[in-house]
Structure formats: C-alpha cells, structure tokens
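Please read the structure below before turning to the comments.
The values are calculated or read from the model by the stated rules, or taken from the named source; none is laboratory data. Predicted model, so just to flag it, every value in this text is computed and none were measured. FYI the Cβ positions are ideal-geometry reconstructions off the backbone, even for glycines, and counts take in every protein chain you see. When the accessible area is computed, the model is the full protein with side chains, heavy atoms only, and any ligands, DNA or RNA have been set aside. Shrake-Rupley method; radii C 1.70, N 1.55, O 1.52, S 1.80 Å.
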Amino acid sequence: SMPGVEHWIAASVVGLGFAVALQIRVPLAFAAFLVAVFALAHGQAHAAEMPTMASPYAYALGFGLVTAALHVVGLGLGTVLSSTRLPRVAGGLTALAGVVFAFGS
C-alpha cells in the first residue's frame, strides 16, 4: 500500500486543475513524471478497493478501458474548446473539488 494515498490523490486533482486553469506549461519529462506518480496513487487506491470476489484481470481491464475513454474525451473536448474559457473554468472547478476532497468532511 502507498502511504498517504488520499493526500497524493488530492494533490493531483488540485495541482492538475490549477495547471489547466492557469495554463501552466512545464517540460514534458516533468509533466510525465508527475502524471505517473499521480496515476500510481489513483491506481493503488482503486486496487485496494477491488472486491474480493472480482477477477483482478477483468477489474484492471475495466479500469484501463474507462481511463482511456476518459482521456480521449478529455483531449477531444480540450482540443475543440481550447479557444474558449471553458477548459480554464473546468480546471478551476477541478482544483476546487480537490480542495474540498482534501479538507472537506
């Protein structure tokens, strides 16, 4: 298990939300490293919540397919809507949701 996984997840939601909202650009290698760390935290949390009777392969395949679909939709919307303010607003709302997750009840 990963210590403090909830904190890593909250940090990923807040950090990536702010990065989108503020249009922060970082080197690709650094961005890839951060996304990998955050993905590890999210994956560990989902693996820890896997039902005991579930097939680990089907569970992982399902999460992988849904994650890929979410990324495709997000990239598509980001590309289509990049000339609007909507991605920045969505990033800000995402960061706010991460703060609520981190400090809420």
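Calculate, in nm to one decimal, what ALA60 and VAL89 gain on full extension: separation in residues at 0.36 nm each, minus their alpha carbon distance.
7.3 nm
Taking just the alpha carbons, could you work out the radius of gyration and Dmax for the range 61-105, both in angstroms?
13.4, 36
Between 0 and 90 degrees, rounded to the nearest ten: what's the tilt of helix 86-103 against the longest Cα principal axis of the chain?
Taking Cα atoms only, the helix is inclined about 50 degrees.
So what is the accessible area of the range 1-67 per residue, in Å², with the probe set to 1.4 Å?
Accessible surface, normalised per residue, equals 72 Å².
Taking a 1.4 Å probe, which of HIS42, HIS7, HIS71 shows the most accessible area, and what order do the others take after it?
HIS7, HIS71, HIS42
Largest first and to the nearest Å, give the Cα extent of the chain along each principal axis.
46, 30, 29
Using alpha carbons only, how many degrees (0 to 90, rounded to 10) separate the axis of helix 28-48 from the longest principal axis of the chain?
40
Simple spin-label model, 7 Å along Cα-to-Cβ: ALA45 to HIS7 in nm?
1.4
On full extension of the chain, what length is gained from LEU70 through VAL37, given 0.36 nm per residue of separation minus the C-alpha to C-alpha distance?
Going from the current span to full extension adds 10.0 nm.
Going by alpha carbons, how many degrees (0 to 90, nearest 10) lie between the helix axis of 5-21 and the longest principal axis of the chain?
Taking Cα atoms only, the helix is inclined about 20 degrees.
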